[in-house]
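Data first, discussion second: the structure below is written as structure tokens.
The values are calculated or read from the model by the stated rules, or taken from the named source; none is laboratory data. Note that the coordinates shown come from a computational prediction; the quantities given were computed from them, not determined experimentally. Please note: Cβ atoms are built from the backbone with ideal geometry, for glycine as well, and neighbour counts cover all protein chains shown. Please note that ligands, DNA and RNA were not included when accessible areas were found on the heavy atoms of the full protein model with its side chains. Shrake-Rupley method; radii C 1.70, N 1.55, O 1.52, S 1.80 Å.
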Amino acid sequence: MSYQVPVANPYLKQISNYQENEVLSASPEKLILMLYDQAILGCKRQDAEKASRAVAELINSLNFKYEEISTGLFRLYDYILREIKMQKYKDALYLLTDLRQTWDVAIQQLQAA
């Protein structure tokens, strides 16, 4: 029996370097949008682990110094996590997409001001 040693694909390394640089150079606002994108992609692919990890990071990013907003978002994120765990990806996707669009508009308005 012979085994083949996998050969590293330099193209994949370039992609991961690009993604790493994109994350490291992103503003906090852009990072939030990237987390939403990952959660949305996870729901579209019905990948509970990917979607849950992204939503967990959204929860970790909450600043409870602004209690009213953070508490509301925490409740929404917690609900989305439960929906993902119950494999109700359509419901989670709807909420995540709506939240992402809202964040995107808010960021654009902030930048315009």
Q.
For segment 81-113, give me each residue that is exposed (fewer than 11 other Cβ atoms within 10 Å of the Cβ) and among the small types (Gly, Ala, Ser).
A. Ala112, Ala113
(Q) Every residue in segment 1-52 that is in a helix (DSSP H, G or I), at pLDDT 60 or above and loosely packed, with under 10 Cβ neighbours inside 10 Å, please. (A) Leu24, Pro28, Glu49
Q. Hey, does segment 69-80 have a residue that's modelled with pLDDT under 95, in contact with a Phe, Trp or Tyr (Cβ under 8 Å, 6 or more places away or on another chain) and open to solvent by 50 Å² or more (accessible area, probe 1.4 Å)?
A. no
